[in-house]
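Reviewing the structure listed below.
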Amino acid sequence: MITPVLRVLLVLASLLLLATFWVPVWRIDLFAPQYPEGLQMNIWLTHLSGNIDSINGLNHYIGMRIIEEKMFPEFRILPYVVGALVAWGLLAAAVARRWLVGTWLTGLLVFLAAAMVDFYRWGYDYGHNLDPHAAIKLEGMTYQPPLIGYKQLLNFEAYSLPDVGAWFIGAAAGLAALVIWRSAARYSKAAKEPWACPLHGRRKVLSS
């Protein structure tokens, strides 16, 4: 059973996803001796920000394509996907059915997995398909950024990490899992100990 408190948590989890419209979801940081302060690319739900021009200037020498927003059709789709997930979560809170919360959490996890696969696919294509006429060419060298974590690319240390928006999504998934776990536990307890159910006494009075 999903109590009012758990329904409030569901609403909170759904609204956390809205934060991704105002904060970046992912970030890539590059550090090198000539850039001790680092270069950063922030990936938002709808656009990029950070030192994009500087990164493009460096990547030009090794034959990487110019990073620009039009190379990401995902920016036109993601707002609708996240909006649908928010509406889905609010519907689950309003209806208060565990199976609906479960499908919402499943949809959220599928969305996260698909986003990571898409990010890896982009990184592989971006790091492997290089201009054969580039000024700097190293035989067998590719420049695919790490999916998550750290990778050495020539003299650059590259870090690919979740940004604030991704943590909000993770928190939403965690709250949804908590709601499912707590509601399942309450349902199991009510099945084993019906006298512990708040409605048990009321039913007894009504039946007498």
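Values quoted throughout were computed directly from the atomic coordinates according to the rules given, and no laboratory measurement underlies them. Nothing here was measured: the structure is a model prediction, and the numbers come from that model. Glycine also receives a Cβ, built like all others from the backbone with ideal geometry; neighbour counts cover every protein chain displayed.
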Legend entry - Net length gained if the chain between ARG97 and ARG65 were fully extended (0.36 nm per residue, minus Cα distance): 6.7 nm
Legend entry - Table column - 3J(HN,Hα) (Hz), the stretch 152-168, Karplus curve with 6.51, -1.76, 1.60, x for Gly and Pro: 8, 10, 6, 8, 9, 9, 9, 10, 10, 9, x, 9, 4, x, 5, 5, 4
Inset, instruction - With everything on Cα atoms, drop me the angle between helix 4-18 and the longest principal axis of the chain, reported from 0 to 90° to the nearest 10. - result: 20
Inset, instruction - Note the angle between two axes, namely the Cα long axis of helix 198-207 and the longest principal axis of the Cα atoms of the chain, as a number of degrees from 0 to 90, rounded to the nearest 10. - result: 30
Inset, instruction - With runs of 4+ DSSP H residues as the only contributors, calculate the mean residue ellipticity of the chain at 222 nm using -39,500 (n - 2.57) per run, divided by the residue total and rounded to the nearest 500. - result: -19500 deg cm²/dmol
Inset, instruction - Please provide three numbers in whole Å: the alpha-carbon extents of the stretch 1-148 along the principal axes, with the largest listed first. - result: 64, 28, 24
Inset, instruction - Round to the nearest 0.05 the FRET efficiency obtained for TRP167 and GLU139 when R0 = 41 Å and r is the Cβ-Cβ distance. - result: 0.55
Inset, instruction - Tell me the GluC sites (Glu not before Pro) within the stretch 19-69 that lie in a loop according to DSSP and have at most 15 other beta-carbon atoms within 10 Å. - result: GLU68
